[in-house]
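A.B. asks: Input: one structure, supplied below.
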Amino acid sequence: MFKPSLLCPLAICSRLIIVLMLWALFLVGANEVRRAADGEPTLYEGIKRLAIYSLVFRTEP
């Protein structure tokens, strides 16, 4: 007979974490689509703006 070991709960836990991460990515993507449809700035635009600001402020006059 198969005897469960310590690896079984770890495998179940890792699968649960992967499913939760995929669900979170789906929710973030759906929220970004909704914001883009409403004409609001998306997360990508915010990250791009922060990157440009950091490059501008990093350069010396």
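A.B. asks: Counting only residues that are within 18 Å of the chain's Cα centre (by Cα) and of a type in the set (D, E, K, R), how many does the stretch 41-58 have?
C.D. replies: Selection size over the stretch 41-58: 2.
A.B. asks: On to the next question. Any chance the stretch 15-31 includes a residue that's at pLDDT below 85 and over 16 Å from the mean Cα position of the chain (by Cα)?
C.D. replies: no
The values are calculated or read from the model by the stated rules, or taken from the named source; none is laboratory data. This structure is a prediction, so every number in the text was calculated from the model and none was measured.
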